[in-house]
Each structure stands twice: as structure tokens, then as C-alpha cells.
Amino acid sequence: MAKREIIRNTVRIGSMASAGLLAAGLTAAPALATPTDAADGRLVRTASGPVLGSVGAEVREFDGIPYAAPPVGPLRWTAPRPVTPWSQPRNATKPGPVCAQLPYNKPVGSAVSEDCLTLNVTTPRGASAARPVMVFLHGGDLTSGSGSQFEPRRMAAQGDVVVVTVNYRLGIFGFFGHAGLPGSGTFGLQDQQAALRWIRRNAAAFGGDARNVTLFGQSAGAISTCGQLTSPAAKGLYDKVIIQSASCGSYTPTLMPGRQAPATTATDKWRPLAAVDAQGGALARDLGCADEATAIACLRGLPTDRLLPHTEEFSSGAYGTPTLPVDPETAIRTGRFAHVPTVIGHTRDEGRMVTAALVNPAIGGAPMTEQRYVRLTDQAYGTRAAEVRRHYPPSAYAAAGEQWAPALAWAAIETDRTTVCPVLRDADALARRTPVHAYEFADPNAPTWTAFPEGFPAGASHISDLTYLFDVNRPDGTPVTLDSAQRGLAGTMIGYWTAFARAGAPAADGAPAWKAYAPGDGPVQTLAPARIGTVDDATEHQCAFWKTAE
């Protein structure tokens, strides 16, 4: 079972009822403005036209604003084009459709469409033209998710910042490639750049400082942020970056069952253009568009739902392109990236989310016995498997319960090898050329976003940190809640994140100082309700072993 399939299954339980039909697209009708709308801040005039949002006690919100023309019909698989301006106030009180994707990871009740290139702006009440701007790129394996899943009211109000969440083309619509197709494999990245250009032009209208933009993202959004950090086309569109829960390299070797390490697999987040084009050419032939001269026109003529079953086959950005001349991992190692202040980090138990799905009977999982643990590590590591098991014996995790010990050992392998140690390697490479601050989110009781088996110790699993920065609903629509101690940590984290956006160094009132990262030495800031301070991250996650095991 591939990693993407497992992640999909973890959220499928609560989201099947929200599948719905593909929406026709953006159909926002003009809104009726009153003389008081401009006075209370509901009416904002952008370079494309006026928008009419909503005003709350602490923030103003403007949702579903198009930043590029609909990428449909002849514009499918083209670079984003400028939006057609409008003259009457546009209703900006609801998010636009989520970008075309399979139903498992979209918000309940939301429409789905290829016509989806919109963004959402949340800004504090009160006049200003100089607030920092924070632009968030959502995760979802580059095949799912949406900006509207993450509500940034707390961040905007507490941090006195403008927060923008972005939709960008996903899967087959964002990362499809075909020989001779301009922009092959990079349309989603180009969308993100179009959104950043829109933000540069329009930040001041929402009280933001266009010269102080922080780009941040989690998981696939962090991977995208790495792409923008190394893309010449993104130069000058942002001033700082935050990379959460992903490295700038690939997920190779993957640690999922049946995969052999260190074989290259389709889980690579960056692939050569030729490989992406070849995959697109093969699909075109399978879909009856075999003639090279007419293949793209033929594919553009197919309905969305004919292409959507193949969307997860295209979840990697292409390098060797004008957007990404070099794969980001190489670019980071060799200094070919924007030398801007950076925060980079991970959760302490990243791998537990996927591992929980492996053992969750509600979605077809099976118990992780010691025998299964041995079999899976043999599959993944071959002759090195026994050595891996000596470093990760199930007995080391028995305190959480004997039934979970082998699964937690497997999750620790995935956490350390797949995320933490690659993130620290990136921190080393980045810190040689630009200021870096590194962190580990470590709340052992963090609320989960996806389905976990009853009793499974989730720890600080993948995605759990986002519930401290944003108000988040699970895919089934239920809200994620925090207790009082967790709300205190959330306030500190928002303080760190927004102070970094303001001045390039994370700090929070009453919180411990966060020291800059030095290559090879750290320190890494641990973030938990019971403790905020430094941690020896590389030792905790056995990175010296993984360096020799490669």
C-alpha cells in the first residue's frame, strides 16, 4: 500500500459523505455595497476590482478572491493568466471552490472545480498599511487540500499580521507533463507565484506591507515553499520562509510496506522533466489521445471527471524547467536558493499518522505484531534490517502498551529517516548561507486531525502542529479543540511565527529565547505545553545512524 493511499484512507471515514459533484466554477455575483462598507472596512479596492468581505470583532475577512483567470478549456495546463477585472463589488464572504481533487481531503460541503485559483485574506481591524503579510500554502501531497481548511483569525489578530491562504492546481491539473507542453510539471508552482505577485500588488489595500512577505507551508505546502525558495521565477516575491514537516528533498527511500530501500519510487516530490513528460505521454495514449500533434488539444477536451482518477499519478514537481532549473535538494546543498531568513522544523512523531492507518482496522489495517515488524523492516532494508531493528527495538516503546510497541517502533523509523534527519540536513545547508531557526513541535497529547485507532498513542503526529496556529476542522467537519495548556502553547507559537514574519527572528512575550541554528550544532527549539527550550534533535532522532546507513 502506497503512502498516499494510506493517508487517503485515514481521512476517508469522515469525508465520504462530502464527495458531491464537480462544481461549474466561480460564479460569485456582484455584491451590493453601502456607503458604510468602505468606512467599516468591508469594501476593499484591489487592482482587479472591488471586493466586499465581512467584519468581525477582531478581523476582516475576504474570501474567494480570484488571483488568476480560470485555468479551464484551452487554459488547462497553461501558465496562470491575469484575471479579468471587474467594476462592481464582488462578494468575498465565502471561499471559492477547492481545486479539482478526489473527495477524501476536501472540506465538508465545499464545491470542487478546475476553476479554483482563489485566495483568502484575513486582516486585523483598524487602519494600517505596514503589517507583515504571511502567505500559507496548504499540504495534501500536492494532490488534495485547500487554503480554506485553515482559519487564521487567531494568528491575524494576536500577531497583528495579514494572513493569506491560497488554492493552487493539484495533481493531474497542477503537475501534468507532456513533451512540448510549456510549463510541464510545474503549473501548481506557477499558480503559487501568481498568487504571490497578486499579493505584492494588493497587500497595501488590506493593510499589509508588500515589502515584508513571509511564505510558509506544511507538508506538501512546505515542499512547495522549498520549490519557491529555489525557483528563479519566484525571486523577489517573498522575504522570509517557514518550512514545516517536510524536507526540500524527496521521500526516497520510502519506508512503506513492500518498498525496497533505497530504490527511487513515485513518492519523489521532484522528478526530471523527461520522466514527468513520459508519464503524461503514456496516459495520453491510454486516454485515446495518442497523436502527438493533437494530444494536448485532445486532453483539454476531456471532462474533469475523466482525468481525475489519474490525479495521484502526478504528485511531483518537474525540474529541468524554467520554473525549477535544478531539483530543490541539489539547489539547497549548492547554495542556489534565495538567501532569506528561514524557520524550519517538524513534529516529534511525524510517522505516527501513517503508521496508525497501517494498524487501524476501521480502514483495513492489521495489527503490527513483532513478526510483521520484522517482515516490514526486512522488506524496506534488506541486509541492513537487523541493524535497523537494533536501533529501534519494540521493547523501547513498550511503556505505551505492548500491543502498540512494534507499531511505534516502525513509526519512529519513519519519523527519523523520512522527515527529521532530512529536515536537519536542510537546516545545515541553509544555515551556511542564511539565518535559520529550527524547531520540534513536541506536544505528546496533541489533538489528531485524521482517524487513529482507539488507544493508539498519537503523540505529536504529522499535521497536529497546525491546530495550534490555525482553527481547523477535520475532513468530516468536526472542529479540533485545544485544552488550556495547549491554548497557551498555541499563543506562544503564534507569537514566534508572527514575530519572525515581522522582523526575521522568532520571539514571543514571556517565552524563552529561540537561538539561531548553527550548521551541525543546532540548537533546535522544542515546543510543548510543559517545556519550551532547546533539544538535541539529531541525537533524539538517531541522525548519526541514518547518515551511516545511507
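Extension gain for residue 94-residue 47 works out to 14.9 nm (0.36 nm per residue, less the C-alpha to C-alpha distance). Put a plus charge on the Cβ of each Lys and Arg, a minus charge on the Cβ of each Asp and Glu, and nothing anywhere else: the dipole of region 49-123 about its Cα centre is then about 140 debye.
Given 410, 225, 365, which one lies farthest toward the positive end of the charge dipole of the chain, if we put +1 on the Cβ of every Lys and Arg and -1 on the Cβ of every Asp and Glu? Sorting the options by dipole projection puts first 225. When 515, 235, 269 are sorted by how many other C-beta atoms sit within 10 angstrom of their C-beta, beginning with the fewest, the order is 235, 515, 269.
Among DSSP beta bridges lying fully in region 351-549, give the percent that are antiparallel, nearest 5. In region 351-549, DSSP labels about 60 percent of beta bridges as antiparallel. The label point for residue 473 and the one for residue 127, both projected 7 Å from the Cα toward the Cβ, are 3.6 nm apart. Extension gain for residue 302-residue 432 works out to 42.0 nm (0.36 nm per residue, less the C-alpha to C-alpha distance).
Basic side chains Lys and Arg get +1 at the Cβ, acidic Asp and Glu get -1 at the Cβ, and with that the dipole of region 351-549 about its Cα centre reaches some 420 debye. Summarising the strand pairing of the chain, around 40 percent of its internal DSSP beta bridges are antiparallel. Only the Cβ atoms of Lys and Arg (+1) and of Asp and Glu (-1) were treated as charged; on that basis the dipole of the chain about its Cα centre amounts to roughly 1000 debye.
With N as its number of residues, the chain has a Cα radius of gyration that, divided by 2.2 N^0.38 Å, comes to 0.93.
Its relative contact order, with pairs defined as Cα atoms under 8 Å and 6+ residues apart, puts the chain at 14 percent. In region 411-550, the ratio of gyration radius to Kirkwood radius, Rg to Rh, stands at 0.98 when only Cα atoms are counted. The modelled label-to-label distance for the pair residue 285/residue 398, using points 7 Å beyond Cα in the direction of Cβ, is 5.6 nm. As a ratio to 2.2 N^0.38 Å, the alpha-carbon radius of gyration computed for region 359-434 takes the value 1.33. Residue exposure proxy: 239, 537, ordered by other Cβ atoms within 10 angstrom of their Cβ from fewest to most, comes out as 239, 537. Calculated FRET efficiency, residue 370 and residue 179, Cβ-Cβ r, R0 41 Å, to nearest 0.05? With R0 = 41 Å, the Cβ-Cβ based efficiency is 0.25.
Note on residue 106: lysines with a C-alpha under 20 Å away, same-chain residues under 8 apart excluded, are 3, 94. Panel order for 54, 224, 484, 48, by other beta carbons found within 10 Å of each beta carbon, from fewest to most: 484, 54, 48, 224.
Computing FRET efficiency as 1/(1 + (r/R0)^6) for residue 386 and residue 340, where r is the C-beta to C-beta distance and R0 is 35 Å, gives about 0.20. Let's test the formula: R0 of 45 Å, r as the Cβ-Cβ distance of residue 515 and residue 58. What FRET efficiency results, to the nearest 0.05? With a Förster radius of 45 Å, E is 0.90. Projecting each Cα onto the charge dipole of region 110-252 (Lys/Arg +1, Asp/Glu -1 at the beta carbon, about the Cα centre), which of 186, 245, 203 comes out farthest on the positive side? Of the options given, the answer is 203.
Gain on full extension, evaluated as 0.36 nm per residue between residue 545 and residue 483 minus their Cα-Cα distance, stands at 18.6 nm.
Where a number appears in this text, it was derived from the coordinates with a stated rule and is not lab data. These numbers come from a predicted model, not from an experiment. Positions of Cβ are backbone-derived with ideal geometry, glycine not excepted, and every protein chain shown enters the neighbour counts.
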